[in-house]
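Chemist: My questions will all concern the structure given below.
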Amino acid sequence: MAEKDFIQLFAEETPTVSKAFFGFADDLRDNGGLDEKTFQLIYLGIKAAGGETGSVVAHAAYAKKAGATRNEVRGAVMVSLMTNGVTGIASCLGPALESYDKA
């Protein structure tokens, strides 16, 4: 049996909290004054700075669907070099580009 990802587990174990969290996230995305591509690229860079590979993989694909180029996705991850050193690049650059290529 495949292991559940955190989103599935979150929704099953705490459905009201999960619904509230994702509603909040959707509201930020929809009303934050950024177009979808810009939002995804910023989010991708922030998550890369924290070395959060799972989020980077998901949001690289979302960024591509929003019209981002491979170069823009790479650039969003590379910005993490300025904010957090090599951590984001070491853990997230390869997975981000692989996810982009597969999306």
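Chemist: Among the residues of the stretch 28-36, is there at least one that is without any contact (Cβ under 8 Å) to a residue 40 or more places away in the chain and among the aliphatic types (A, V, I, L, M)?
Modeler: yes
Chemist: Next question, about the same structure. Taking the stretch 53-73, which residues are touching a residue at least 24 places away in the same chain (Cβ under 8 Å) and more than 20 Å from ASP26 (Cα to Cα)?
Modeler: Scanning the stretch 53-73 gives THR53, ARG70, GLU72, VAL73.
Chemist: Can GLU72 be described as under 13 Å from TYR100 (Cβ atoms) and acidic (Asp, Glu)?
Modeler: Yes; evaluated as a whole, the condition is true for this residue.
Chemist: Here's a follow-up. Residue under question is ALA63, and the condition is that it be over 8 Å from the mean Cα position of the chain (by Cα), part of a helix (DSSP H, G or I), buried (at least 17 other Cβ atoms within 10 Å of the Cβ) and among the aliphatic types (A, V, I, L, M); does it hold?
Modeler: yes
Chemist: Working carefully through the options VAL77, VAL56, VAL73, VAL86, find the one that is of a type in the set (A, V, I, L, M), at pLDDT below 95 and either surrounded by fewer than 19 Cβ atoms within 10 Å (Cβ to Cβ) or touching a helix residue (DSSP H, G or I) at 6+ places or on another chain (Cβ under 7 Å) (or both).
Modeler: VAL86
Chemist: Applying the selection to the stretch 1-49, what residues are closer than 18 Å to SER99 by Cα and among the small types (Gly, Ala, Ser)?
Modeler: Scanning the stretch 1-49 gives GLY45, ALA48, ALA49.
Chemist: Output the residues belonging to the stretch 12-49 that are crowded, with 17+ Cβ neighbours inside 10 Å and either modelled with pLDDT under 90 or not polar (S, T, N, Q) (or both).
Modeler: If the condition is that a residue be crowded, with 17+ Cβ neighbours inside 10 Å and either modelled with pLDDT under 90 or not polar (S, T, N, Q) (or both), then LYS37, PHE39, LEU41, TYR43, LEU44, GLY45, ILE46, LYS47, ALA48, ALA49 are the ones that fit.
Chemist: Could you say which residue among ASP26, ASP30 is within 17 Å of ILE7 (Cβ to Cβ), assigned to a helix (DSSP H, G or I) and among the acidic types (Asp, Glu)?
Modeler: Sole residue among the options that is within 17 Å of ILE7 (Cβ to Cβ), assigned to a helix (DSSP H, G or I) and among the acidic types (Asp, Glu): ASP26.
The values are calculated or read from the model by the stated rules, or taken from the named source; none is laboratory data. These figures come from a predicted structure and were not determined experimentally. All Cβ positions, even for glycine, are placed from backbone atoms using ideal geometry, and neighbour counts span all protein chains on display.
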